[in-house]
Structures are given as C-alpha cells and as structure tokens.
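Every number in this text was worked out from the coordinates using simple rules, so none of it is lab data. Being a predicted model, the structure only gives us computed values, none of them experimental. As a convention, Cβ positions derive from the backbone with ideal geometry for all residues, glycine included, and neighbour counts pool all protein chains shown.
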Amino acid sequence: MEKPNNTILDEIITTIDELLDLKDRVARLEIKAKEETRRICLIENDNERADVARYLYWLVPYSRVEEIAIGYQGRRKNKAFDQMIGSAPAGFKCSECSCLLEVNNRTLAATLIAECREHNSKPPHGHQRICPRCKKISDEKKAISREEIDRRNRLRIKELKALPYEAYIQTPEWKNIRARLEITLAWERHGFGLELDEYPRLACYVCQKTHEVEPIHRVGADRGQETNDDVVFVCSPCENKLYREGLVVHSER
C-alpha cells in the first residue's frame, strides 16, 4: 500500500518511532542497571557493601531485590539477606511523639519516598504518619469516643421517646428528621438533580392531591430514629380519616 501524503500521518509515525526507540533504550538501561547492581560484590568492606545494599533496597525503589541479593552475597534472597536488610527510617517523624518512623515494607517505603519528593520532604497534607505505639493509643481513644457517643445517643433517644408528642415535634432532632424525610421523598418521586425549592410540592400520601401536607406519625413509629415507614405526609382531611381509624398519632397542626 502506498503511504498517503498527510502531515498528521507523518506526525503519528514519528511519535511511534520515538516511542519504539525509547523502549529499546529502557530495555538497554534495565540490563545495565542489573549488571551494575551485581557489581556490589566488588565492594571489599563488608559493612560498606551492606550499607550500599540497604540503601538500594529501601531508597531506590526501581532496583531489583534479587539483583541486590546476588550482588551482596552471591546468591538469591534468603533469610540472612532479610536480616541484614532489617528496617529503615521512613524519613517521616511521628506526628504525635516525633520519633523517627521505621518501615519494614518496601512498598510502603516507595510510597513514602514518592510523597517526600512530591511535598519537598514534608509529610503531605492529609497523610499523617504515626508510630505503632501512638496509633494504638489513638485507636483506643477513638474506640472510647465512639462508645461514649453511642451511649449519649441511646440516652437521648430514650428521652425523646418519653417526651409528650407536642414537645417532641418541637425538638431539633425531629426538625432534622422531617427535613431529611422531605428530601428523600422528593428524590424518590422526582429523581436527583434539582435544588430543594425546585421540586414540585409533595402530594398527599392518601388522596395523592397536592394540598398542603404535613407529616404525621404512624402508630408505633420509632421516635427519634424515624424512617419513611414511620411517617406519612397527608392533607388535613385525610389526616382526620387516618386518625379516626387509629392508624396515626397526630400531625403538627
């Protein structure tokens, strides 16, 4: 097939040729890096050779572990190599006690190095690092806090259930629940995407007419934890009918 005389085609071919050249160069560099890593064995001083191996392992993420092991000890990675590697300073201090963090996972070390480079060697915003001791203390505090919050919520719900109905419907808890139920019903009937004041008025649950409606509680509603099954929005005539039938408690009217 004859090549079309087209500048866009020429640019595509040029870019692909450059990409292929780059792949060839990367392959050659990988072979060179492998050979140079194995040259660690030429370092005569044992301590210096171990320092070089540890530095490559922890701080040069693209270096291959097997090549480091062969260069260091003449054989593949084993238990003795792992003991020599040990753990390494992560470059971050604990945000609580300021001790230097230790890392024993190479993947995490690579992540921390990338974060250091991106944030000029400072802990990135939103990625606090804390030592195991401080993390344990923090987790214990959070667990206590959650338990205390749950305890207070249970007590408050118990108080809400004991309130007279007219007092309950004046509480901030009910007002928040009412607003949530109104939004949920609007979403269910008309879908997402509109501002709240753009939704059509709610229709009466019973007659389906768009009269002025108010929320009323079904008998046995879970006060303080209401869902759509506990509350219905109805107009005044339908409310009276439901009340006479013993299906609801009262409305806010």
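Over the chain, what is the relative contact order in whole percent, taking alpha-carbon pairs under 8 Å and six or more residues apart?
Result for the chain is 10 percent.
Report, in degrees rounded to the nearest 10, the 0 to 90 angle that the Cα long axis of helix 46-59 makes with the longest principal axis of the chain.
Around 40 degrees separate the two axes.
Within the chain, what is the longest stretch that has no chymotrypsin sites (Phe, Trp or Tyr not before Pro) placed in a DSSP loop and near at most 15 other beta-carbon atoms within 10 Å?
Counting at most 15 other Cβ atoms within 10 Å as exposed, the longest clean stretch of the chain is 63-191.
Which label marks the calculated value of Rg/Rh (Cα atoms, Kirkwood Rh), given the options [x] 1.03; [y] 1.30; [z] 1.46?
So the calculated entry is the one marked [y].
Need the C-alpha centroid separation for region 1-30 versus region 62-81, integer Å.
Spelled out, the Cα-based centre of one part sits 37 Å from the other.
To make sure I understand, if each residue's beta carbon is the centre and we count other beta carbons within 10 Å, what order do H211, H217 fall in, fewest to most?
The fewest-first ordering by Cβ neighbours comes to H211, H217.
So what's the back-of-envelope 222 nm ellipticity for the chain, counting only DSSP H runs of four-plus at -39500 (n - 2.57) apiece and dividing by all residues, rounded to 500?
Computed ellipticity for the chain at 222 nm equals -18000 deg cm²/dmol.
Assign one of three labels to region 1-99, namely rounded, prolate or oblate, based on the Cα gyration tensor with a ≥ b ≥ c the square roots of its eigenvalues; rounded applies when a/c is under 1.5, prolate when it is not and a/b is larger than b/c, and oblate otherwise.
oblate
Could you list, in their original order, any pairs among K141/K161; K77/K136; K93/K141; K93/K142; K34/K77 whose Cα atoms are separated by more than 24 Å?
The answer is K141/K161; K77/K136.
Check Q225: other-chain or 5+ apart residues with amide H under 5 Å from its amide H, H built from backbone geometry?
none
Exposure proxy check: M84, M1 ranked by fewest other beta carbons within 10 Å?
M1, M84
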